[in-house]
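The values are calculated or read from the model by the stated rules, or taken from the named source; none is laboratory data. Treat the numbers as computed from the prediction; the structure is a model and nothing was measured. As a convention, Cβ positions derive from the backbone with ideal geometry for all residues, glycine included, and neighbour counts pool all protein chains shown.
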Amino acid sequence: MDTGFSGEFDGKVDSKGRMSIPADFRRVLESGDPNWTPGSPVTLYLNYGDHLKDRLQVRTAKEHANIMTDIQAMPKGDKSRKMLTQLVIVQSERMSVDKDGRIVLPLKHRKKLGLDEGALSFRGMVDHFEIWKDDVYETTVSESTADWLAEQPDDFDPLSLLGG
């Protein structure tokens, strides 16, 4: 993928499940949809797998296809292949972004996040982005990141983990 999902954005979902995808994320979705043309809807894949607990993941059509290819390359009958298929392929939904940059988030996905309507948090994770109920993100990921940083030396540079 030439570009990736990065940044953090606030959003909301209304009582009908409508929510806007951040514009920066829509550009990445467009570049990752081989069938997209200007003015047409862009396709995304929303993963709600049980392994995701309190969040949803969104991938481009191209990234979803890459994952499917990788899973298909695993040995048939392999338990890991079956589990990956269940968690990442079966528990995904193909969706289209409308001309206003919105999707309708089905009720079952809103329930997974613990809300009917309200504030959301979008987090870019390079090859996908995550959707969280805003306060859940703050009390889980933000706190665990702060705890981890507190364990590091005062002059810690997170980029040092890259080893380059």
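When the stretch 32-50 is examined, which residues are found to be within 16 Å of the chain's Cα centre (by Cα) and either in a loop (DSSP other than H, G, I, E, B) or surrounded by 13 or more Cβ atoms within 10 Å (Cβ to Cβ) (or both)?
Passing the criteria: G32, D33, V42, T43, L44, Y45, L46, N47, Y48, G49.
Looking at the stretch 27-53 only, could you name the residues that are among the β-branched types (V, I, T) and free of Cβ contacts under 8 Å to residues at least 24 places away in the same chain? Step through it out loud before you land on a result.
Filtering the stretch 27-53 for residues among the β-branched types (V, I, T) gives 28, 37, 42-43.
Scanning the stretch 27-53 gives a single hit, T37.
So is D70 without any contact (Cβ under 8 Å) to a residue 40 or more places away in the chain, within 29 Å of S31 (Cβ to Cβ), loosely packed, with under 15 Cβ neighbours inside 10 Å and within 19 Å of the chain's Cα centre (by Cα) or not?
So D70 passes the test.
Say we look at the stretch 105-160 and pick out the residues that are assigned to a strand (DSSP E or B) and of a type in the set (D, E, K, R); which of these is surrounded by the fewest Cβ atoms within 10 Å (Cβ to Cβ)?
Filtering the stretch 105-160 down to residues assigned to a strand (DSSP E or B) leaves 118-124, 126, 129-133.
Imposing the further condition that a residue be of a type in the set (D, E, K, R) reduces the set to 123, 130, 133.
Working: R123: 18, E130: 20, K133: 20.
Filtering the stretch 105-160 for residues that are assigned to a strand (DSSP E or B) and of a type in the set (D, E, K, R), the one surrounded by the fewest Cβ atoms within 10 Å (Cβ to Cβ) comes out as R123.
Answer yes or no as to whether V88 is closer than 25 Å to T37 by Cα and among the β-branched types (V, I, T).
So V88 does not fit the description; no.
Can you find, within the stretch 82-103, the residue that is surrounded by the fewest Cβ atoms within 10 Å (Cβ to Cβ) among those that are outside any helix (DSSP H, G or I) and within 14 Å of the chain's Cα centre (by Cα)?
Let us first name the residues in the stretch 82-103 that are outside any helix (DSSP H, G or I), namely 91-103.
Keeping just the survivors that are within 14 Å of the chain's Cα centre (by Cα) gives 91-95, 103.
Values: Q91: 15, S92: 20, E93: 15, R94: 10, M95: 18, I103: 21.
Among those residues, the one meeting the criterion is R94.
Hey, can you tell me all the residues within the stretch 51-81 that are within 16 Å of K112 (Cα to Cα), aliphatic (A, V, I, L, M) and outside any strand (DSSP E or B)?
Passing the criteria: only L52.
If you take the residues of the stretch 126-159 that are polar (S, T, N, Q) and free of Cβ contacts under 8 Å to residues at least 60 places away in the same chain, which of them is farthest from S20 (Cα to Cα)? Working first, answer last.
Taking the stretch 126-159 as the starting set, the residues that turn out to be polar (S, T, N, Q) are 139-140, 142, 144-145, 152.
Now restrict to residues that are free of Cβ contacts under 8 Å to residues at least 60 places away in the same chain: 139, 142, 144-145, 152.
Numbers: T139: 23, S142: 23, S144: 28, T145: 27, Q152: 37 Å.
Checked the stretch 126-159; the qualifying residue farthest from S20 (Cα to Cα) is Q152.
Looking for something of a type in the set (A, V, I, L, M) and within 16 Å of Y48 (Cβ to Cβ) - is there at least one such residue anywhere in the stretch 131-145?
yes
Take D54 and decide whether it is surrounded by 13 or more Cβ atoms within 10 Å (Cβ to Cβ), modelled with pLDDT under 95, among the acidic types (D, E) and within 15 Å of the chain's Cα centre (by Cα).
Yes; evaluated as a whole, the condition is true for this residue.
Name the single residue, out of those in the stretch 1-31 being more than 15 Å from the chain's Cα centre (by Cα) and under 24 Å from E138 (Cβ atoms), that is surrounded by the most Cβ atoms within 10 Å (Cβ to Cβ).
Across the stretch 1-31, the extreme among qualifying residues is V13.
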